[in-house]
1. When residues of region 97-116 are filtered for being without any contact (Cβ under 8 Å) to a residue 60 or more places away in the chain and in a strand (DSSP E or B), how many remain?
2. Which numbered condition in (1) more than 16 Å from Tyr132 (Cβ to Cβ); (2) touching an Asp or Glu at 6+ places or on another chain (Cβ under 9 Å); (3) crowded, with 21+ Cβ neighbours inside 10 Å; (4) of a type outside the set (D, E, K, R) is the only one that Tyr114 fails?
3. Report, by residue number, each residue of region 118-140 that is hydroxyl-bearing (Ser, Thr, Tyr) and either open to solvent by less than 20 Å² (accessible area, probe 1.4 Å) or assigned to a loop (DSSP other than H, G, I, E, B) (or both).
4. Is it fair to say Tyr114 is touching a Phe, Trp or Tyr at 6+ places or on another chain (Cβ under 7 Å) and modelled with pLDDT of 90 or more?
5. Filter region 141-165 for residues that are touching a Pro at 6+ places or on another chain (Cβ under 6 Å) and assigned to a strand (DSSP E or B); which is farthest from Ala87 (Cα to Cα)?
6. Just one of (1) surrounded by fewer than 23 Cβ atoms within 10 Å (Cβ to Cβ); (2) in contact (Cβ under 8 Å) with a residue 40 or more places away in the chain; (3) of a type outside the set (A, V, I, L, M) trips up Tyr161, so point out which.
7. Exactly one of (1) open to solvent by 10 Å² or more (accessible area, probe 1.4 Å); (2) touching a strand residue (DSSP E or B) at 6+ places or on another chain (Cβ under 9 Å); (3) touching a residue at least 40 places away in the same chain (Cβ under 8 Å) is unmet by Thr88. Its number?
Amino acid sequence: MRFTLSIIGSILFSLAIEAAPTSPVSRNITLGATFPHATFNATHSMRIGITAGAPPTGGSTLPHGSSGGGPHTPPANMWPATLLLCATTDCANCDGWDMASVPVNECFSAGYQYYSVAIDQPSNGGLSFGTYVEQSGCSGYLQVQAVNTCYTIEGGTFEDYILVN
């Protein structure tokens, strides 16, 4: 009985660590396909100027917003912003998460492998926090460098994400 309870407790704990805060606000988004494209390569990320490593330590998503401290004290032009995680390499088939509703400094699973990522932000003002995509199990971080840019992800299995203040 104790063994069964400890297994159930372990499962519940692991789900609490890596659970999606919300469901995607929209599905089958194609807007990201119109953004300029770049490539994340997890094995050569430093060569192409993408921050890699674990754990992330903060940062911002360009262009820099203002001196606001994160999603709870945003610059006037930071919202709306939607994180697009895409089943294709060209940001043409994406699920979107409202970034204002995602807690910072917590790892979340998208629930599927994605191959490209973008942040749709109509104001193009940037974010005052870092946005990272992660390999399965919340490891192997790559920082999304700019809003309104589609990044194809190579060199890993990416299923998780984190916003870091």
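1. Total meeting the criteria: 3.
2. Every listed condition holds for Tyr114 apart from (1).
3. Hits for region 118-140 are Ser123, Ser128, Thr131, Tyr132, Ser136.
4. Yes, satisfied.
5. Here is the first cut: in region 141-165, the residues touching a Pro at 6+ places or on another chain (Cβ under 6 Å) are 141, 149, 164.
From what's left, assigned to a strand (DSSP E or B): 141, 164.
Numbers: Tyr141: 19, Val164: 24 Å.
Taking the candidates together, the pick is Val164.
6. With (1) surrounded by fewer than 23 Cβ atoms within 10 Å (Cβ to Cβ); (2) in contact (Cβ under 8 Å) with a residue 40 or more places away in the chain; (3) of a type outside the set (A, V, I, L, M) applied to Tyr161, the lone miss is (1).
7. It fails just one condition, (3).
The values are calculated or read from the model by the stated rules, or taken from the named source; none is laboratory data. Keep in mind that this is a model prediction, so the values were computed, not measured. Virtual Cβ from ideal backbone geometry, glycine too; neighbours counted across all protein chains shown. The area values use the complete protein model at the heavy-atom level, side chains included, leaving out ligands, DNA and RNA. Shrake-Rupley method; radii C 1.70, N 1.55, O 1.52, S 1.80 Å.
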